[in-house]
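The values are calculated or read from the model by the stated rules, or taken from the named source; none is laboratory data. From a predicted model like this one, the values you see are computed outputs, not experimental measurements. Note that each Cβ is placed from the backbone with ideal geometry, even for glycine, and that neighbours are counted across all protein chains shown.
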Amino acid sequence: MKKYNKNQFDKTIDAHKKKGEISRRHFLLGAGSLVFGGALGGGLLSGCKQEVTTQTVSTTKTVSIPTTVEVPVMTTVTETAYSTVTEMTTETVTETAAEVKTVTITDAAGREITVNLPVERVAYLHPAIAESLVIVNAWDRVIAKDNYTFDTLIFPGLDNMPVLPYFESGSVDYEKIIELQPDVLLVLPTAGGIDLNEAISKLEPEIPVISVFDTNDADTWSKGIELLGAVMQREEEAQAFASFVQSIEDSVTAKTSGLVEADKPSVLLKISGWTIDQFSSFSNEFAPVKKLVDVTGAVNLAADLPSMGGWVENIDPEWLVTQDYDYVLVDIWESYYPGAMGVGVLDTSAAQTILEDLTAMNVFEGSKPVIDGHFYLMDHELIMSIRYPMLLAYAAKAFHPELFIDFDPDAVMQDYLTRFIRIEVDPIESGLFFYPKL
Amino acid sequence: MNQSSDTTFKPDIIKATALKKEQRKANLKKWRFIIILIPIMILLMAINAQTGSANLSIGDVFTTILHKFFPDTFASVSDMVNKIIWQLRLPRVLMAMLAGIGLAGAGCVMQSSLKNPLADPLLLGISSSAGFGATLVIILGVGILSGTAGIITSAFFFAILVSLVIIGLSSFKGAKPVTMLLIGLAMTYLFQSLTQLLQYQSSAEAAKASMMWMVGDLSGVEWSEVAILFPIILVSCGLLFWKSWDLNILSSGDETAKSLGINVFRLRVFLMAVASLVTAAIVSFIGVIAFVGLVCPHICRMFIGSDNRFLFPASCLAGAVLLLCADCVARTVLSPVILPPGVITGLLGAPFFIQLVMRQRRELI
């Protein structure tokens, strides 16, 4: 199927340039002809405008009756911390006789975007999107990766893939993206320091910029997968994942929804710091953490602390000493604790060392979570990526072991890895996501 | 003859005696200023020990402190209070005091020996190089070169390295003040750029971690760190105070100092090396605390003049007072969230300093 591409001329020029077939003289001559021809053509077109429109309508009526397929996506109105409104939309896949299919979607930034189908060349700018593409079984269409996707077990072919270095300070290599000519650029509107308006103005309409989901709103994550399913024409996989996520949430809430406040344990979520003694956390202003405690039946110790967008910076350790809390969940991030946790981590010694260091700290030594053995490390991917549903499973089991006696979070993770990531990894044998094991 | 010479010298003797008296009076005034600062500093230490996120009474705090020394006389309040006071608050209070003393002392010596009112550890590149060392480990650190120990080691290494480079390069030009200052300034920009380059290419979290370190932080201070810093500050400040008379001579001009038998080059290098060592040690442990080294000597100079025998100890005490004040505000204003004390020193010190500068008409150095 041949795809319409406005940059075909530029591509041809580039290809010839690479071959050394176009000299500066040729280029100027061609450009001059193009300008002259464009002016002439433009004049002719403007003079015959009515005639052309009529012809198009006529063609549509007689030759191509559009085939419309309706795919339901984005079924709720979601207001996020960033006031992004993702409206319900029915995307419309339109097919004409010239075999130009398009799909119209409303992305996580609330923009209505029409994308030419099929999407064969994908570039993305956040590691969470990489895993989402694997979930919808479209990783093989990725032509350029971000500079934070490293796991070759999950993402085959990384080594030879061009990198689109985007830096957190907001500098995206647009030149490289334009050179690579992906069919779409997938981004997250609220993560990675990407200026969405800048990306749109520099790349569209040739390269549609699609905001997949909002990292600050866990409710949009599954919908982001559905959106990807529609764009990549992998609706079945996306629906399967949505059902999987819903089943986890349902099975957890079925047991925790009846809990009264007194039965809910108080939890300190310690966010990864560059040194072990950094005490940062999230207040309930950060939607994924609020959802975590709401769904799993717990209370966030830092729920009401002063925060910026939910981020609680530098908690006074002596405040912690005076608090009565039951659990500690420590975020273990690869960047700060390389090789300690994650897929393929066999050795638990690094995690054990971190746990021992943490529990020996002044502030935790002799605390209730340490005495009761309710001090857990969790892989950063659980809280800051599409694997969030598995965090609900692990946390629910940790907080209420008596309610979840037959519930096995490792089995849930196993299911996720085999069904959606399509790797044969046993989380009990070959991965460390929550430590100590439940 | 004798009678006539007596009558000639008599007014001079009277004049000299009057001057001596005047001098003694002025010195007394200076000592009074220093002596006033000591109880203020102790009071602030007590306030800092008493205030915090945990609501502890004054009685509990002092009983817990005294229990450590007189366990038979003073009963322990509770394990929790004991932990808060002895493991969390007191190391922080002492670190704030030591860092204030060291930074202000180093600033005073740098300003006097380089004869520049803007000279301070920040301007001479020592803080920015330490910041680069810390950022390097925060962002790229692996293995043994990671974590707190790695950050401290790297920050100290780069701070000392830059100090040596400044001293070494300026030695070619006879360690002239302006040469040292310009090389220091160039070092500041060089390491700021390198730090920004690292931050620019790092993740948001790592960049933020580096930024947090750069604004200074007294959280997580431990006794072991206080124990390392204490002898360094004590010995360095002792050495600088010992050289304060020579510093006075140096302040009056290189030629004058030379004519009085001072080896100007050696003295300046010695003073800068010790001041750099103090700064490097402090910055390695708690990050960059700006403003203390710059402003405290100036505040004291406005009250007691430029005699380094008085100015140096007064600056040290003023530094401790400013940092203790800043830390108290940092810990209480948004409690239990702690603000960076390095930011508070600027917020507290700048308006006060501007007010003093506007009222002051004489020269700063």
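Elements of the type helices (runs of 4 or more DSSP H) sitting completely within region A:343-419 and holding at least 1 residues that are farther than 20 Å from A:I225 by Cβ and of a type in the set (G, A, S): these cover A:349-359, A:388-399, A:409-419.
Out of region A:330-342, which residues are within 14 Å of chain B (Cβ to nearest Cβ) and assigned to a loop (DSSP other than H, G, I, E, B)? Working first, answer last.
Pass one, region A:330-342, residues within 14 Å of chain B (Cβ to nearest Cβ): A:331-340.
Those that are within 14 Å of chain B (Cβ to nearest Cβ) and assigned to a loop (DSSP other than H, G, I, E, B): A:W333, A:E334, A:S335, A:Y336, A:Y337, A:P338, A:G339, A:A340.
Kindly provide the set of residues from region B:347-357 that are within 18 Å of B:M212 (Cα to Cα) and at pLDDT below 85, ordered by number. Reasoning before the result, please.
Of region B:347-357, the ones within 18 Å of B:M212 (Cα to Cα) are B:347.
Scanning region B:347-357 gives no hits.
Kindly indicate the residue of region A:349-359 that is within 24 Å of B:S219 (Cβ to Cβ) and touching a residue at least 40 places away in the same chain (Cβ under 8 Å) and also farthest from the other protein chains (Cβ to nearest Cβ) among those meeting that condition. Quick ask: steps written out before the conclusion?
Step one: list which residues in region A:349-359 are within 24 Å of B:S219 (Cβ to Cβ), which gives A:353-359.
Filter again for touching a residue at least 40 places away in the same chain (Cβ under 8 Å), leaving A:354-355, A:357-358.
Values: A:I354: 11, A:L355: 15, A:D357: 9, A:L358: 13 Å.
Result: A:L355.
Do we have A:V245 as in the same structural domain as A:F375 (by TED's automatic domain parsing), buried (at least 18 other Cβ atoms within 10 Å of the Cβ) and outside any loop (DSSP other than H, G, I, E, B) here? When the stated conditions are applied, A:V245 does not pass them.
Quick check on region A:274-317: of everything there that is charged (D, E, K, R) and in a loop (DSSP other than H, G, I, E, B), which residue is farthest from the other protein chains (Cβ to nearest Cβ)? My answer is A:E285.
So which helices (runs of 4 or more DSSP H) are wholly in region B:155-265 and hold at least 1 residues that are charged (D, E, K, R) and under 22 Å from the mean Cα position of the chain (by Cα)? Quick ask: steps written out before the conclusion?
Working: elements: B:177-201, B:204-214, B:223-242, B:244-251, B:254-259.
Ranges flagged: B:223-242, B:244-251.
Which of the residues belonging to region A:318-329 are acidic (D, E) and more than 13 Å from every other protein chain (Cβ to nearest Cβ)? Spell out how you get there, then give the answer.
From region A:318-329, those acidic (D, E) are A:318, A:324, A:326; that's our starting set.
Within region A:318-329, just A:D326 meets the criteria.
With respect to the conditions (1) out of contact with any strand residue (DSSP E or B) (no Cβ under 9 Å at 6 or more places or on another chain); (2) touching a residue at least 24 places away in the same chain (Cβ under 8 Å); (3) not hydroxyl-bearing (S, T, Y), A:L346 lacks only one, and its number is (1). Of everything listed in (1) under 30 Å from A:L259 (Cβ atoms); (2) small (G, A, S); (3) out of contact with any helix residue (DSSP H, G or I) (no Cβ under 9 Å at 6 or more places or on another chain), the single unmet condition for A:G366 is (3).
Given the conditions (1) among the aliphatic types (A, V, I, L, M); (2) within 14 Å of chain A (Cβ to nearest Cβ); (3) surrounded by 24 or more Cβ atoms within 10 Å (Cβ to Cβ), report the number of the one that B:M110 does not fulfil. With (1) among the aliphatic types (A, V, I, L, M); (2) within 14 Å of chain A (Cβ to nearest Cβ); (3) surrounded by 24 or more Cβ atoms within 10 Å (Cβ to Cβ) applied to B:M110, the lone miss is (2).
Where in region A:104-219 are the helices (runs of 4 or more DSSP H), entirely inside, with at least 3 residues that are in contact with a helix residue (DSSP H, G or I) (Cβ under 6 Å, 6 or more places away or on another chain) and crowded, with 21+ Cβ neighbours inside 10 Å?
On the way: elements: A:127-135, A:174-180, A:196-203.
Correct list: A:127-135.
So, in region A:319-329, of the ones that are touching a residue at least 12 places away in the same chain (Cβ under 8 Å) and not in a loop (DSSP other than H, G, I, E, B), which residue ends up surrounded by the most Cβ atoms within 10 Å (Cβ to Cβ)? Applying the filter and picking the extreme gives A:L329.
Table: residues versus (1) of a type in the set (A, V, I, L, M, F, W, C); (2) not in a helix (DSSP H, G or I).
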{"site": "B:L19", "(1), (2)": "yes, no"}
{"site": "B:K29", "(1), (2)": "no, no"}
{"site": "B:S53", "(1), (2)": "no, yes"}
{"site": "B:T64", "(1), (2)": "no, no"}
{"site": "B:K68", "(1), (2)": "no, no"}
{"site": "B:L88", "(1), (2)": "yes, no"}
{"site": "B:M95", "(1), (2)": "yes, no"}
{"site": "B:L98", "(1), (2)": "yes, no"}
{"site": "B:G102", "(1), (2)": "no, no"}
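Considering A:D263, A:D250, which residue is among the charged types (D, E, K, R) and not assigned by TED's automatic domain parsing to the domain that holds A:D406?
Values: A:D263 fails: not assigned by TED's automatic domain parsing to the domain that holds A:D406.
After applying the criteria, what remains is A:D250.
Report the residue count in region B:66-107 for those that are farther than 17 Å from B:L44 by Cβ and either of a type in the set (G, A, S) or away from chain A (no Cβ under 14 Å) (or both).
Narrowing region B:66-107 to residues farther than 17 Å from B:L44 by Cβ: B:66-84, B:86-88, B:105-107.
Next cut, either of a type in the set (G, A, S) or away from chain A (no Cβ under 14 Å) (or both) only: B:66-76, B:78, B:105-107.
Going through region B:66-107 one residue at a time, the tally reaches 15.
Of all residues in region A:235-249, those that are under 17 Å from A:M413 (Cβ atoms) have Cβ atoms under 7 Å from Cβ atoms of residues that are crowded, with 20+ Cβ neighbours inside 10 Å and aliphatic (A, V, I, L, M), 6 or more apart or on another chain, in A:F241/A:I135; A:F241/A:I225; A:I248/A:L392; A:I248/A:A393; A:I248/A:V412; A:E249/A:V295; A:E249/A:L392.
Of the listed requirements (1) of a type in the set (F, W, Y); (2) more than 12 Å from every other protein chain (Cβ to nearest Cβ); (3) farther than 27 Å from B:R92 by Cα, B:F230 misses just one: (3).
Each row is one residue, and each column tells you yes or no for (1) acidic (D, E); (2) without any contact (Cβ under 8 Å) to a residue 60 or more places away in the chain; (3) surrounded by 15 or more Cβ atoms within 10 Å (Cβ to Cβ).
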{"site": "B:L161", "(1), (2), (3)": "no, yes, yes"}
{"site": "B:G168", "(1), (2), (3)": "no, yes, no"}
{"site": "B:L181", "(1), (2), (3)": "no, no, yes"}
{"site": "B:M187", "(1), (2), (3)": "no, no, yes"}
{"site": "B:S193", "(1), (2), (3)": "no, yes, no"}
{"site": "B:E222", "(1), (2), (3)": "yes, no, yes"}
{"site": "B:F241", "(1), (2), (3)": "no, no, yes"}
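Applying the condition of being surrounded by 14 or more Cβ atoms within 10 Å (Cβ to Cβ) and polar (S, T, N, Q) to region B:46-84 and asking which residue is nearest to B:A96 (Cα to Cα) yields B:N48. Evaluating B:N27 against the criteria (1) at pLDDT below 90; (2) surrounded by fewer than 14 Cβ atoms within 10 Å (Cβ to Cβ); (3) more than 14 Å from chain A (Cβ to nearest Cβ) leaves one unmet condition, (2). Return yes or no: is A:V252 surrounded by fewer than 19 Cβ atoms within 10 Å (Cβ to Cβ), more than 14 Å from chain B (Cβ to nearest Cβ) and more than 17 Å from A:L377 (Cα to Cα)? For A:V252, the condition - surrounded by fewer than 19 Cβ atoms within 10 Å (Cβ to Cβ), more than 14 Å from chain B (Cβ to nearest Cβ) and more than 17 Å from A:L377 (Cα to Cα) - is not met.
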